[in-house]
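Worksheet: one structure, shown below.
The values are calculated or read from the model by the stated rules, or taken from the named source; none is laboratory data. Small disclaimer: the values here were computed from a predicted structure and weren't measured. As a convention, Cβ positions derive from the backbone with ideal geometry for all residues, glycine included, and neighbour counts pool all protein chains shown.
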Amino acid sequence: MRNFFCPNCGQRLAFKNSVCLSCGTALGFKLSECALIALNDPQNHADYCLCENLHTAECNWVVDAATGGMCESCRLTRTRPADSDTTAMAEFADAEMAKRRLILELAELGLPIVGRDRDPETGLAFDLLGSGQENVMTGHQNGVITLDLAEGDDVHRERLRIAMDEPYRTLLGHLRHEIGHYYFTKLVTSDAELARFRALFGDPDADYQEALDRHYQDGPPPGWESEYVSSYATMHPAEDWAETFAHYLHIRDTADTAAEFGFAPAGATFERTRGRLGPAAFDALIELWLPLSWALNMLNQSMGHPDMYPFVLPEPVLAKMRFVHDICVSSRSAGSQPLPA
C-alpha cells in the first residue's frame with residue numbers, strides 16, 4: 001500500500017480517509033491517479049463526487065460528478081445483504097474495504113478487471129452475503145466470487161481458523177485466494193501456459209469433489225511442507241494455484257508497503273517492486289521478502305502475537321510463485337496497463 005497525503009496541507013493519511021484529519025479538507029480516492037484528491041478544489045468539485053456507497057460501504061472513492069453512481073470497486077458487487085440485516089450490513093462495509101484494497105492492487109499490477117456489465121457470462125462480480133440468515137459458501141464460479149460476510153467477525157473467523165488448523169485467515173486473504181481462481185480462467189489459456197501449469201501444479205481438470213473428499217478425510221500428505229505453501233494447497237491443483245496466487249499478492253503488497261514507509265531490516269535495502277517486470281523483478285521481490293518477513297515475525301512475537309507470516313517458501317513453492325509472476329507480467333504486456341508507480 002502506498003503512502004497517501006492530503007493535497008491541501010500535506011498531512012499523511014490512510015487509504016480509507018474521506019476527510020483530512022488535520023485541515024478538514026473533503027477527500028476522495030481516484031483510482032486512475034492512485035491518489036486522494038481534494039473535493040473542495042474548484043475543478044475537482046465540478047468533475048468528481050464521492051461514490052454513492054459512501055455510507056453503505058464506507059466507500060471514499062470518487063466517480064464522475066455528471067453521472068454519479070458507484071465507483072469501479074462498488075460496481076463489481078452484484079449482491080449485498082438487505083438493509084434490514086444490520087449485522088451483515090456492518091460486516092459488508094468491512095468486506096468492501098478489503099475489496100477496494102484488492103482492486104487497487106490488481107490495478108497496480110495491470111491485471112484485467114472486467115465486470116459483468118462488459119462480460120455478462122464470465123465477467124468479475126462479487127456476491128457479499130451474510131450467513132446469519134442463509135447458508136453461504138465462500139468460493140468462485142464463472143467469475144462470481146461469493147464471500148460469507150461472517151468472515152469479518154473476529155470471533156467467527158478465529159473459531160474457524162482454529163477448527164480448520166489454518167495459520168492465517170482474513171477477509172483480504174479470502175478475496176486474494178478467490179480472485180486467483182478467477183485469473184486462472186482468464187490468464188492461463190495458451191498451450192504453453194497450461195503445460196507449465198501441469199508441470200508445476202498438476203492436472204487442473206482432476207476430479208474436484210474426489211479431491212475435496214480425500215482432503216477432508218485423510219488430510220494433507222506427509223511432508224507436504226516441502227512442496228506446498230499451505231496444507232489447503234495440497235487438496236487440488238486449482239487450490240494450489242489459488243493459494244500461491246494469494247501469497248504472491250500478500251508478499252507484493254506487504255513488501256511495497258514496507259518500502260513505501262522506509263522500513264527495512266538491518267542490512268537490507270528495499271525498493272518498491274510496483275511496476276517492475278521480468279524474472280529479475282521476482283528475484284528481487286523474494287530477496288527482500290525473506291528478511292522482511294523474518295523481521296515482521298519477530299516484531300509480532302515482541303508484542304505477544306503469533307508470527308505475522310507463518311509460512312515457509314521452499315524452492316517448489318517459489319517455482320510456482322514465479323509462474324504466477326510471469327503470468328501477471330504476460331497479462332500486462334498483452335495490454336493491461338498498471339497504475340503509474
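Overview of results
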item	result
Near pairs, Cβ below 7 angstrom, 6+ apart or cross-chain, from the range 137-152 (within 11 Å of residue 126 (Cα to Cα)) to any residue that is part of a helix (DSSP H, G or I) and of a type in the set (Gly, Ala, Ser)	147/95
Where residue 213 falls short, out of the listed (1) surrounded by fewer than 21 Cβ atoms within 10 Å (Cβ to Cβ); (2) within 17 Å of residue 319 (Cβ to Cβ)	(2)
Lone unmet requirement of (1) in contact with a Cys (Cβ under 7 Å, 6 or more places away or on another chain); (2) not in a strand (DSSP E or B) for residue 89	(1)
Set 17, 53, 8: member being more than 30 Å from residue 177 (Cβ to Cβ), in contact (Cβ under 8 Å) with a residue 12 or more places away in the chain and assigned to a loop (DSSP other than H, G, I, E, B)	8
Filter result (under 21 Å from residue 239 (Cβ atoms) and in contact with a Lys or Arg (Cβ under 8 Å, 6 or more places away or on another chain)) within the range 126-149	126, 127, 143, 144
Members of the range 180-231 that are closer than 17 Å to residue 141 by Cβ and basic (Lys, Arg)	186
Which numbered condition residue 118 misses (of (1) out of contact with any helix residue (DSSP H, G or I) (no Cβ under 7 Å at 6 or more places or on another chain); (2) assigned to a loop (DSSP other than H, G, I, E, B); (3) modelled with pLDDT under 90)	(3)
Single residue of the range 236-265 satisfying the filter (at pLDDT below 95 and assigned to a loop (DSSP other than H, G, I, E, B)) that is nearest to residue 4 (Cα to Cα)	261
Sole exception among (1) part of a loop (DSSP other than H, G, I, E, B); (2) of a type in the set (Lys, Arg); (3) under 30 Å from residue 132 (Cβ atoms) for residue 78, by number	(1)
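Okay, residues lined up against (1) assigned to a loop (DSSP other than H, G, I, E, B); (2) modelled with pLDDT under 85; (3) surrounded by 15 or more Cβ atoms within 10 Å (Cβ to Cβ):
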site	(1), (2), (3)
270	yes, yes, yes
273	yes, yes, yes
284	no, no, yes
290	no, no, no
298	no, no, no
307	yes, no, yes
311	yes, no, yes
316	no, no, no
